[in-house]
Every structure is written in structure tokens, then in C-alpha cells.
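Enquirer: Here's a structure for you.
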Amino acid sequence: MLGMVKNSLLSTVEAWPYRLLSKGEKDQVSYEERACEGGKFAAVELVGKPFDEASKEGVLKLLKYVGGSNDKGVGMGMTAPVSITAFPAEDGSFQQKVKVSLRIPSQFQDSPPCPTDESIKIEERQGMTIYSTQFGGYAKEADYVSYAAKLKAALGSDAAYCKDFYLCNGYDPPMKPYGRRNEIWFVKK
């Protein structure tokens, strides 16, 4: 537990590498198109719980993993964002299924420590191109749904992206009270 707290408070945060492809704005919604690098990710799936509760539980599991709850007992440092894959229902709300993931820090990409929590899986992912919009505050399900609708409207019908899921991203530790960064990512087809 001490490793988790030290890791989230005192360590530097490594950003998920990406290349900016373009920027746009429509109806006061700014967005970017980015090419994000692939790599190894720690991920945990949670089913049967509301989005906010499942997200919090998944983030805590991953923080423990990078904080030292792994077979090497090593604190790995933090990466951002923590990414939560959400699956929208017909009405736009989220289904009770999420996948919370975190890109493994660069120095551990070749050989990540094995999680001691069996619900955490290490996944190899390809790079992806995304459409992104940013907003502040302590994000909850309603905020992500609202900003996803804004991004969808700003992109219009010309943009081709996956519609059966999107990524809800948080960049900041919970104890950061202001200047918070959250993003919605649509994965380009």
C-alpha cells in the first residue's frame, strides 16, 4: 500500500507516447487526431457494477500493481492516462462492463512484472489513431457521456470510428484538486 501511495504522489508520470496528426474545432468543441503508440498494457475487466464504481475498483487494482504488487515487488512508476474502455448502451448510458488499463512504463515494456492480482492481465496492443477531446474536473459517467456526445457532434458523419466502445481517460491522481485533465477517445477505423 505504501508503494502505491508513494508511486502516485511522488513519482513522475510518463505520458503515453503519441504524435499529433491534426486539430479541429466545431461548435466550441476542440478536438485532436492522434497516432498513439502500441505496447504492453496492464488491464482489468469488471462486469456487473456501475461505471463509476467499477472504474474506481479497476484503477485501484492497477495502482497497486505498478506500486509494487507484482512478482518482482518493484514500484514501476506511473503512466498517464489511465484508460477506461466504456461500452455505450442504446440510450447512450454505459453498460455494466468496463476495462481499465494502463500502459506499462517504458523501462518495463520488454519484460513487465507479473501481477500478483490474477484479475490483471498483461496485453500487447497495436498502435491506434484516435479522435480526442479534453475536459476538466473530477469526471464521472455523466461527464464522459456528455463529452462523448459533444465529440460525436463535432466530428460529424464524415469521421469513421468505432461506435461500440470508446475510451474514458484520466491523467491525474485523485488528490489533485484543480487543473485536472480528462479526455474522451474515439478509436479511428
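The values are calculated or read from the model by the stated rules, or taken from the named source; none is laboratory data. Fair warning: this is a prediction, and the values are worked out from it, not measured in the lab. Heads up, the Cβs are rebuilt from the backbone with ideal geometry, glycines too, and the neighbour counts pull from every protein chain shown. The protein model used for the area step is the full one, side chains on, heavy atoms only, and it has no ligands, DNA or RNA in it. Shrake-Rupley method; radii C 1.70, N 1.55, O 1.52, S 1.80 Å.
Enquirer: Which residue out of Val98, Val187, Val145 is surrounded by 14 or more Cβ atoms within 10 Å (Cβ to Cβ) and touching a helix residue (DSSP H, G or I) at 6+ places or on another chain (Cβ under 8 Å)? Even if it seems obvious, please write down each step before you answer.
Expert: Details: Val187 fails: touching a helix residue (DSSP H, G or I) at 6+ places or on another chain (Cβ under 8 Å); Val145 fails: touching a helix residue (DSSP H, G or I) at 6+ places or on another chain (Cβ under 8 Å).
Of the residues listed, the single one that is surrounded by 14 or more Cβ atoms within 10 Å (Cβ to Cβ) and touching a helix residue (DSSP H, G or I) at 6+ places or on another chain (Cβ under 8 Å) is Val98.
Enquirer: For residues in the range 111-142 being among the acidic types (Asp, Glu) and farther than 23 Å from Glu37 by Cβ, which is surrounded by the fewest Cβ atoms within 10 Å (Cβ to Cβ)?
Expert: If we filter the range 111-142 for residues that are among the acidic types (Asp, Glu), which is where we start, we get 117-118, 123-124, 141.
With farther than 23 Å from Glu37 by Cβ added as a condition, the list becomes 117-118, 141.
Numbers: Asp117: 13, Glu118: 8, Glu141: 19.
Applying the filter and picking the extreme gives Glu118.
Enquirer: Now, a different point. Is at least one residue of the range 92-109 under 15 Å from Leu167 (Cβ atoms) and not in a strand (DSSP E or B)?
Expert: No: zero hits.
Listed here are the residues, each with its yes/no results for (1) touching a strand residue (DSSP E or B) at 6+ places or on another chain (Cβ under 8 Å); (2) under 26 Å from Gly77 (Cα atoms).
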position	(1), (2)
Leu155	yes, no
Leu167	yes, yes
Pro177	no, yes
Phe186	yes, no
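Enquirer: Would you please name the residue that is least open to solvent (accessible area, probe 1.4 Å), looking only at residues in the range 148-177 that are hydroxyl-bearing (Ser, Thr, Tyr) and touching a residue at least 40 places away in the same chain (Cβ under 8 Å)?
Expert: The first filter runs over the range 148-177 and keeps only residues hydroxyl-bearing (Ser, Thr, Tyr), leaving 157, 161, 166, 171.
Add one more test, that the residue is touching a residue at least 40 places away in the same chain (Cβ under 8 Å), and what stays is 166, 171.
Working: Tyr166: 17, Tyr171: 42 Å².
Per the stated criteria, the residue is Tyr166.
Enquirer: Only one of Gly68, Gly73 is open to solvent by 50 Å² or more (accessible area, probe 1.4 Å), more than 19 Å from Gly170 (Cα to Cα) and outside any helix (DSSP H, G or I); which? Before you say what the answer is, go through the steps one by one.
Expert: On the way: Gly68 fails: open to solvent by 50 Å² or more (accessible area, probe 1.4 Å).
Going through Gly68, Gly73 in turn, the sole match is Gly73.
Enquirer: With the condition being open to solvent by 80 Å² or more (accessible area, probe 1.4 Å) and at pLDDT 95 or above, I'd like the strands (runs of 3 or more DSSP E) fully within the range 1-56 carrying at least 3 qualifying residues.
Expert: Details: elements: 13-15, 18-26, 29-36, 39-47.
The qualifying strands (runs of 3 or more DSSP E) are 18-26.
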